[in-house]
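The values are calculated or read from the model by the stated rules, or taken from the named source; none is laboratory data. Nothing here was measured: the structure is a model prediction, and the numbers come from that model. Cβ: placed from backbone, ideal geometry, glycine included. Neighbour counts: every protein chain shown.
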There are 2 protein chains.
Amino acid sequence: MQTDSSQKHIAFIGLGVMGRPMAINLVRAGFPVRGFDVNPAAMEAVAAFGVTPAANPADAARGADVLIAMVVNDAQTRDVLFGEGSAAAALAPNATVIGMSTMSRAAVIEITAQLAERGLRYIDAPVSGGEIGAQQATLSIMVGAPAEVLEAHLPVLRAMGKNIYHIGERPGDGQAMKMINQLLVCIHNAAAAEALVFAQKLGLDAKLVFEVIGNSAGNSWMFQNRGARMIEREFEPPKSALSILVKDVGIVMGEANAARHPLVLGGLTQQLYHLAAAQGWSHLDDSILIRLMEMLTGTSAAGQDVS
Amino acid sequence: MQTDSSQKHIAFIGLGVMGRPMAINLVRAGFPVRGFDVNPAAMEAVAAFGVTPAANPADAARGADVLIAMVVNDAQTRDVLFGEGSAAAALAPNATVIGMSTMSRAAVIEITAQLAERGLRYIDAPVSGGEIGAQQATLSIMVGAPAEVLEAHLPVLRAMGKNIYHIGERPGDGQAMKMINQLLVCIHNAAAAEALVFAQKLGLDAKLVFEVIGNSAGNSWMFQNRGARMIEREFEPPKSALSILVKDVGIVMGEANAARHPLVLGGLTQQLYHLAAAQGWSHLDDSILIRLMEMLTGTSAAGQDVS
């Protein structure tokens, strides 16, 4: 847990399921890290690993060279940076903000411009890989930033992720790639639910379906990951809350709709997520889509018709 | 190429992209194989590997212990077995027919009953893994048959596939599992096309998208396999013709519709395949769905709007 004083000082905001292991991995890589989360228990959990607790985002940011925001969305990112006791104002001169939450490209472009006015740089850096990727520092990080800014922060990013992709120079290029990923994630999750419920209807053994598809052309990362949770019916506590994919598919469809670019599967998929959220399931694991499909099709978990 | 005379004699009908390497792998495993295909060139291609050419299905079947049908659909399977100069009548007493094409459960149940009247057994054994799986004998084979019938034919199946799954005892259980797989295959292929075209619209580099998604949660077997062909625009000659997935999604939706079981993504996906087929693309590779998505969205390959 020794920190190297020549290392960049990092403020880490958002110590949830993803942020917690990411902050710990930065400490392990030798970076001095001050962390903040609105939930005091989250700060306590990382303190034992060497993350210094802060009183608020500005306190965490004081004199830091890098601020990493791993919060829920663009509203929270803006609030961290420009809200009461602005973290942006507390940062060291020429500091860099790394925004790792999934947001719209428009939000990223706006935040980048606001930071530039203060002489601060922004790295657009959403991630993929989930809780396991965060824990094992094997996240895929999709970067939209000038090459030299990325270059200067590679050690920071490499402490959290395995594949650091330079998607483009423009702010929002990282989010553009993340949108493509989330479009597929959302469709594949819904497809897994639809397929598993149809398999129940056909009287197939769910665990055998899981095994066979895993070795067949119908496989997907989501089928492997969420399909397992669908079969085990582990919806609570959520490993990845439905609300996150509802937000993500909303960002994807918002961008597509603004460009009047048709996404036929994406559009239907968004409605499926809205149907699930309308059941009051936003706080449950996103594998809850299997329950939605059972409800929509009148199929029970045992493969018998409900009606 | 030495054959073991104690081995089961095999008639192999259908020496196309899949059947050709499967028949060759049976010869390599020591089985005497007589092959037939309506295309003489296909028979010539396997003769060099030790598959004895036959004049017709009945000629291939004469005295054989096992007949393997790797044809396009149930109509061709019926024709092979019960058509002119019936192959079923030519088989050895107590012989077994292994049907490896994708068909409806109803067709399998009917064929099984017809064979039983002649004292012949049927193994419902559709596959997944494509041309590469067929070549490397790594196919997944999904078997619906009584355990003892499967047991007696394991060496035959193991010569062609790596994962031999006993899905259930009933004829059609193998096809039920295959339907689940094909439902996902068809959705994932369309999703890959939709995502890649949206990526073009967002100005992302297609090869980078392919790499990033391959290491992210949006990945699927189909994205890896067909996505590569979509980017390379290798539609002709087809590695897997669109007509096959049009047929397969038709079998899936036919079964679901007969049971009045809603498949919301499956239903939309079927229409996408019909849209592509309606363009006259049935003979092209099924990765042609990217061209459909470009057409539907007015997006050109270069990422510029057509209009």
Practice problem: Kindly indicate whether B:L196 is crowded, with 24+ Cβ neighbours inside 10 Å, touching a residue at least 24 places away in the same chain (Cβ under 8 Å), more than 20 Å from B:I251 (Cβ to Cβ) and of a type outside the set (V, I, T). | Solution: yes
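I want to confirm something. Restricting to region A:152-175 and keeping residues that are under 21 Å from B:L204 (Cβ atoms) and assigned to a helix (DSSP H, G or I), which single residue is nearest to the other protein chains (Cβ to nearest Cβ)? Full working, then the answer.
From region A:152-175, those under 21 Å from B:L204 (Cβ atoms) are A:157, A:161-175; that's our starting set.
Among the residues that remain, those that are also assigned to a helix (DSSP H, G or I) are: A:157, A:173-175.
Working: A:L157: 14, A:D173: 8, A:G174: 10, A:Q175: 9 Å.
Here the residue is A:D173.
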Quiz prompt | helices (runs of 4 or more DSSP H) lying entirely in region A:21-85 (those with 3 or more residues that are surrounded by fewer than 16 Cβ atoms within 10 Å (Cβ to Cβ)) | solution = A:40-47
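Quick one: count up the residues across region B:132-148 that are small (G, A, S) and out of contact with any strand residue (DSSP E or B) (no Cβ under 7 Å at 6 or more places or on another chain). Reasoning before the result, please.
The initial filter retains those residues of region B:132-148 that are small (G, A, S), namely B:133-134, B:137, B:140, B:144-145, B:147.
Checking the rest, the ones that are also out of contact with any strand residue (DSSP E or B) (no Cβ under 7 Å at 6 or more places or on another chain) come to B:134.
Residues that pass the stated criteria total 1.
Kindly indicate the residue of region A:208-230 that is crowded, with 18+ Cβ neighbours inside 10 Å and among the aliphatic types (A, V, I, L, M) and also nearest to A:C186 (Cα to Cα) among those meeting that condition.
Kept after step one, since they are crowded, with 18+ Cβ neighbours inside 10 Å, are these residues of region A:208-230: A:209-210, A:212-213, A:215-223, A:225-227, A:229-230.
This time we only want the ones that are among the aliphatic types (A, V, I, L, M), so: A:209, A:212-213, A:217, A:222, A:230.
Details: A:V209: 21, A:V212: 22, A:I213: 19, A:A217: 19, A:M222: 9, A:M230: 15 Å.
Once the filter is applied, the top-ranked residue is A:M222.
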Quiz item: Of the residues that make up region B:71-85, is at least one in contact with a strand residue (DSSP E or B) (Cβ under 6 Å, 6 or more places away or on another chain) and more than 13 Å from every other protein chain (Cβ to nearest Cβ)?
Solution: yes
Exercise. Being away from every other protein chain (no Cβ under 14 Å) and assigned to a loop (DSSP other than H, G, I, E, B) is the filter here, so list the residues in region B:239-291 that pass it.
Key: B:Q279, B:G280, B:W281, B:S282, B:H283, B:L284
Quiz item: Of the numbered conditions (1) more than 9 Å from every other protein chain (Cβ to nearest Cβ); (2) touching a Lys or Arg at 6+ places or on another chain (Cβ under 6 Å), B:T299 satisfies every one except a single condition; which is it?
Solution: (1)
Quiz item: List, please: which pairs have Cβ atoms under 7 Å, are six or more places apart or on different chains, and start with a residue in region A:237-255 that is within 13 Å of A:T102 (Cα to Cα) and end with one that is among the aromatic types (F, W, Y)?
Solution: A:L245/A:Y273; A:V246/A:Y273; A:V249/A:Y273
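Can you find a residue in region B:115-123 that is within 10 Å of chain A (Cβ to nearest Cβ) and of a type outside the set (A, V, I, L, M, F, W, C)? Before you say what the answer is, go through the steps one by one.
Step one: filter region B:115-123 for residues within 10 Å of chain A (Cβ to nearest Cβ), giving none.
Checked against the condition, which is being within 10 Å of chain A (Cβ to nearest Cβ) and of a type outside the set (A, V, I, L, M, F, W, C), region B:115-123 yields no hits at all.
Looking only at region A:235-242, decide whether some residue is among the charged types (D, E, K, R) and within 23 Å of A:V17 (Cα to Cα).
Of all residues in region A:235-242, those among the charged types (D, E, K, R) come to A:236, A:239.
Subset that is within 23 Å of A:V17 (Cα to Cα): A:236, A:239.
Checking region A:235-242: at least one residue is among the charged types (D, E, K, R) and within 23 Å of A:V17 (Cα to Cα).
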Quiz item: Can you find even one residue in region A:193-200 that is in a helix (DSSP H, G or I), under 30 Å from A:N163 (Cα atoms) and at pLDDT 95 or above?
Solution: yes
Quiz item: So A:G119 fits all but one of (1) touching a residue at least 60 places away in the same chain (Cβ under 8 Å); (2) more than 18 Å from A:F31 (Cα to Cα); what number is the exception?
Solution: (1)
